[in-house]
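Let me begin by presenting the structure, written as structure tokens, before commenting on it.
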């Protein structure tokens, strides 16, 4: 009875404008993706994606610097629309997914730089190597109601990394100059987020005790 009363109170508080300052959002993997692009043979751009990303964003509307972001990418879901290339990318030549099956990101700071715009700095761990990266994030400011899953919100993020910083160094020098695959990798992340209700969070916490 006490647990029910606490859950009901949390739901009521969350519905009052100005009181629900902190909210938890989970990545909807079915409607999200992590996309990347690299230069090939110095003449074209090859694009691909990781089809499965999961994680949680905790938003503190009152003090955005207290917000946090955590995400996990399934490296086995890499897809460049070419099976032989995907298998090579999964091999020890590149991501070595048998040894490093996931790519993770954990925020260290969140800074609002404008309306619906943020800088999110954090640790990116890939191929067993951790480096700090900064994401340029837009969104997180307009909610819609999904009839089946409740409040949802969208966001996009961009950054650029050097794959050599993460031990992904395979390459081939071309006779005409340059290399087969660029070191620079452009990244675009598209996220659809679903709000986790306070009642669900409380029930989950209570059931674990």
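The values are calculated or read from the model by the stated rules, or taken from the named source; none is laboratory data. Just so it is clear, the structure is predicted and the values come from calculations on it, not from any experiment. Backbone-built Cβ (ideal geometry, glycine too); neighbour counts: all protein chains shown.
Only one residue in 84, 149 is within 25 Å of residue 30 (Cβ to Cβ) and surrounded by fewer than 13 Cβ atoms within 10 Å (Cβ to Cβ). Which one?
Values: 84 fails: within 25 Å of residue 30 (Cβ to Cβ).
Answer to the selection: 149.
So is residue 84 touching a strand residue (DSSP E or B) at 6+ places or on another chain (Cβ under 6 Å) and free of Cβ contacts under 8 Å to residues at least 40 places away in the same chain or not? Steps first, please.
Details: touching a strand residue (DSSP E or B) at 6+ places or on another chain (Cβ under 6 Å): no; free of Cβ contacts under 8 Å to residues at least 40 places away in the same chain: yes.
Criteria not met by residue 84.
May I ask you to verify whether residue 154 is touching a residue at least 12 places away in the same chain (Cβ under 8 Å), under 17 Å from residue 32 (Cα atoms) and surrounded by fewer than 19 Cβ atoms within 10 Å (Cβ to Cβ)?
Yes, satisfied.
Can you tell which of 47, 112 is more than 30 Å from residue 23 (Cα to Cα) and part of a strand (DSSP E or B)?
Working: 112 fails: more than 30 Å from residue 23 (Cα to Cα).
Result of the check over 47, 112: 47.
Collect the residues in the stretch 90-106 that are surrounded by 15 or more Cβ atoms within 10 Å (Cβ to Cβ) and in contact (Cβ under 8 Å) with a residue 40 or more places away in the chain, keeping them in residue-number order.
94, 95, 103, 105 - these are the residues of the stretch 90-106 that are surrounded by 15 or more Cβ atoms within 10 Å (Cβ to Cβ) and in contact (Cβ under 8 Å) with a residue 40 or more places away in the chain.
Please determine, by comparing only the residues of the stretch 71-81 that are in contact with a helix residue (DSSP H, G or I) (Cβ under 9 Å, 6 or more places away or on another chain) and farther than 17 Å from residue 125 by Cβ, which one is surrounded by the fewest Cβ atoms within 10 Å (Cβ to Cβ).
Looking at the filtered set, the residue picked out is 79.
Return the only residue of 138, 132, 175, 115 being exposed (fewer than 13 other Cβ atoms within 10 Å of the Cβ) and either under 17 Å from residue 27 (Cβ atoms) or at pLDDT 95 or above (or both). I'd like the intermediate steps shown before the answer.
Values: 138 fails: exposed (fewer than 13 other Cβ atoms within 10 Å of the Cβ); 175 fails: either under 17 Å from residue 27 (Cβ atoms) or at pLDDT 95 or above (or both); 115 fails: either under 17 Å from residue 27 (Cβ atoms) or at pLDDT 95 or above (or both).
Going through 138, 132, 175, 115 in turn, just one is exposed (fewer than 13 other Cβ atoms within 10 Å of the Cβ) and either under 17 Å from residue 27 (Cβ atoms) or at pLDDT 95 or above (or both): 132.
Since residue 121 meets every condition but one in (1) touching a residue at least 60 places away in the same chain (Cβ under 8 Å); (2) closer than 26 Å to residue 169 by Cα; (3) within 14 Å of the chain's Cα centre (by Cα), which condition does it not meet?
(1)
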